[in-house]
Amino acid sequence: MKVVILGGCGDMAVVAVNLLIKESDVEELVIADINVEKARKLAAEVGPKARAVKVDANDSANIMEVVKGFNVALGFVGPFYKFEKQIVNACLDAGTPYVSIMDDYDAYLEVITLDEKAKAKGLTMICGLGNSPGITNILAKKGYQSMDKPEKINIQWAGGSNEAVGPANVKHVLHIFSGTTLQWLNGKEVRVKTGTNMKMVDFPAPMNRLPVYYTGHAESVAVPRTLKGLKEVTLHGGVHPPYIARLATFFGNLGLTNTPEKRENLAKILVPIESIFATGGIDKSVFRIDAYGKKNGKDVHHYYTGVGHIAEITSIPCVEGALMIARGELNKPGVHSAESALEPDDFLPRLEKRGIDLKYYE
């Protein structure tokens, strides 16, 4: 099979490159990046099956040219609120299935407008198959399916600041703690202020107990559209150490991050001093999903947790989904979120075989 990774030199993507190159049925792996020299260096490091090409996410014709003829394309080009819809549209026009780690709620709302186009072309597109969203959505579906009458799903994630994330993720954090986002409350979609509704969550070690807030991730808009009948679906996020989330919210409240241009400008200041924020942080990221409802006439509460290095728990789901599509194991035309495309009992064991630490409390 032939596989192309868009944004293949990013901090989140390098793990995916190293996983895919080891698959015996991957005959060709193209690392596509705006920084083609960096892509060439990475291709030389991973072996002869890999080669580098330049891709410009602002140029739809260029994206089409790069992805055309491949069995699947993986998307690691962020920030996703800026690029995802254009990339998905270009892949559709090129006739190439696509799987990405897209995480912004507004990007999700944009790409699902392409669902009918994807169905008409018979192409499977999964947008948001990383750790959060991604694994979190599939665990939400596991909780949903574990009950006779699921009622409420609360999804929480937290990132450690002592991990390499890259400039796109810095812009993403500024975005998700700026302005408003959407949550599913009392059976309907409600717009709320980001950085509010603080609650303390007991995550697995080494994160442990941490404050989290409403943030602009995609789960709270995707999950209630797929898993019908829920009264509540919420998404809270945080960072260790906790002051980083408060600082991002502070920037948002000042109006310093309410446009893509402002986030670009602030990121130029923050990225060179990113190591300062690692002080006191940890080098793992975590998630926890709590599901509530009724089973056999009784109230039940099931919850699920995961922990790992962010690049690994982000790349592994994307790689697994892409391989399933390229191998013909998954053919579900349309634009999907993770829980829309995948079944927990099939997909979660695949992640565990690759070393992702998941725990189920039912």
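Summary table
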| quantity | calculated |
| --- | --- |
| Strands (runs of 3 or more DSSP E) lying entirely in region 1-107 (those with 2 or more residues that are over 27 Å from residue 137 (Cα atoms)) | 28-33, 50-54 |
| Region 85-141, subset assigned by TED's automatic domain parsing to the domain that holds residue 329 and basic (Lys, Arg), residue farthest from residue 152 (Cα to Cα) | 121 |
| Number of positions in region 37-52 that are under 25 Å from the mean Cα position of the chain (by Cα) and surrounded by fewer than 16 Cβ atoms within 10 Å (Cβ to Cβ) | 1 |
| Restricting region 306-329 to residues that are in a strand (DSSP E or B) and out of contact with any helix residue (DSSP H, G or I) (no Cβ under 7 Å at 6 or more places or on another chain), the residue that is nearest to residue 12 (Cα to Cα) | 308 |
| Candidate set: region 337-355, residues that are small (Gly, Ala, Ser) and not in a helix (DSSP H, G or I); chosen: the one surrounded by the fewest Cβ atoms within 10 Å (Cβ to Cβ) | 355 |
| One residue from 138, 155 being within 20 Å of residue 101 (Cα to Cα), assigned to a strand (DSSP E or B) and in contact with an Asp or Glu (Cβ under 9 Å, 6 or more places away or on another chain) | 155 |
| Residue under evaluation residue 274, criteria (1) modelled with pLDDT under 95; (2) surrounded by fewer than 13 Cβ atoms within 10 Å (Cβ to Cβ); (3) of a type in the set (Asp, Glu), criterion not met | (2) |
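Conditions tested, residue by residue: (1) on the phi > 0 side of the Ramachandran plot; (2) modelled with pLDDT of 95 or more; (3) over 22 Å from the mean Cα position of the chain (by Cα).
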| position | (1), (2), (3) |
| --- | --- |
| 213 | no, yes, no |
| 223 | no, yes, no |
| 232 | no, yes, no |
| 244 | no, no, no |
| 250 | no, no, yes |
| 257 | no, no, no |
| 261 | no, no, yes |
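The values are calculated or read from the model by the stated rules, or taken from the named source; none is laboratory data. Note that the structure is predicted; figures quoted are calculated from it, not measured. Quick reminder, even Gly has a Cβ in these numbers, built from the backbone with ideal geometry, and neighbours come from all protein chains shown.
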